[in-house]
Amino acid sequence: MELNLTTTFAFSIAIAVVSFLVAAYFYVWVKKCPSSNKKIESIGKLIAKGANAFLRREYLVLARFVAVATVLIVVFLPSPIWGANANPVENIKMAIAYIAGAVISAAAGKIGIMTATKANVKSAEAAVKDIRHSFLSGFRGGAVMGMAVVGASLLGVTLVYWLTDHDASAVLGFSFGASSLALFAKAGGGIFTKTADVSADLVGKVELGIPEDDPRNPAVIADNVGDNVGDVAGMGADLFDSNVASMAAALVMALSIDSTEFYFVKHVFVYAALGLLASSIGVLTARMGKNASPTRALNMSTYVTTAIFFALTCQRAPPEQRPSGRSARGTGCMRRNQVPPCGRT
């Protein structure tokens, strides 16, 4: 069955909503995990406070960069507003998409920090009693950001492409916004992390003889704050950027091959949605048995996700239902009616 473009967009949005529901379920599950160790909670609150303070300051600085970049996009991209073929509406659409990409990228980092600082406490306390529950707390805490970020990337690209009437430049603007925040969030968080790490080691181990990662050393708290802002908030923005950029690149290639029937464009959204659906099911299957290891549980979840995605993508339209137009533009491109079925090359 061949989906039309509107149905494809609706399908992508529905799968994105499913991923948000899975993320919300995991977040509520993590919040309900027991936590009674006051010492762990107090250290966790200090880390959360420091991470949120860093993010507020970082996002205030990045907001200025986004404002300047937005003005430049309005003036110059996708074409200068003073040119003979200038279309200011296209420039404005690209600028709005850029802002949307930057805002969602920032939200990805915030969601990651909000969840990680809670999951850290739950996992640390559970590890004292049961490694299986500790693994599940950490895994599901990380899956909150993973599912939310990938769902947001699919939803964002779908809405931008749909609402701008299939404007590829707007999708590129959305990707540029995501990349801008990811670059500075990852770099800024990494610099903070490494600075705090070196300081903690020098002061603690070298000068005072305090063991590494001992909470009596204030720099250790800063080190853990850096781990959160760099490896969680920065990674969330980076993951969002990677998903958006991969979809944007695939859309540009699909449009260059076929800009009228949108056959390949639909495949970009359908495969992205099917991958997210398979991942939503796969993360729910992550479990540790009595004698199992965390590595085995992680691998099993990956195997389940891969198998589901393979099964879903094999359900392709039969060759006779594929469009059979002329040879695709460009050197080396196969005809659309020569797309090989699943399992053949």
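One table, with the values for the structure above:
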quantity	calculated
Likely footprinting exposure, 247, 288, fewest C-beta neighbours within 10 Å first	288, 247
Dipole magnitude of the chain about its Cα centre (Cβ charges: Lys, Arg +1; Asp, Glu -1), debye to nearest 20	800 debye
In Hz, Karplus ³J(HN,Hα) per residue of the stretch 22-37 (6.51, -1.76, 1.60; θ = phi - 60°; x = Gly, Pro)	5, 4, 5, 4, 5, 5, 5, 4, 5, 4, 7, 4, x, 8, 10, 7
Under the Karplus curve 6.51 cos²θ - 1.76 cosθ + 1.60, θ = phi - 60°, whole-Hz ³J(HN,Hα) for the stretch 84-89, x wherever Gly or Pro sits	5, 9, 5, 9, x, 4
Whole-angstrom gap from the stretch 35-57 to the stretch 244-304, using each part's C-alpha centre	33 Å
Over 28 Å between alpha carbons, listed pairs 38/110; 32/110; 45/205; 194/290; 32/205	194/290; 32/205
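Read the figures in this text as sums done on the coordinates, not as results from a lab. Bear in mind that the values here come from a model prediction, so they are computed numbers and not experimental data. Positions of Cβ are backbone-derived with ideal geometry, glycine not excepted, and every protein chain shown enters the neighbour counts.
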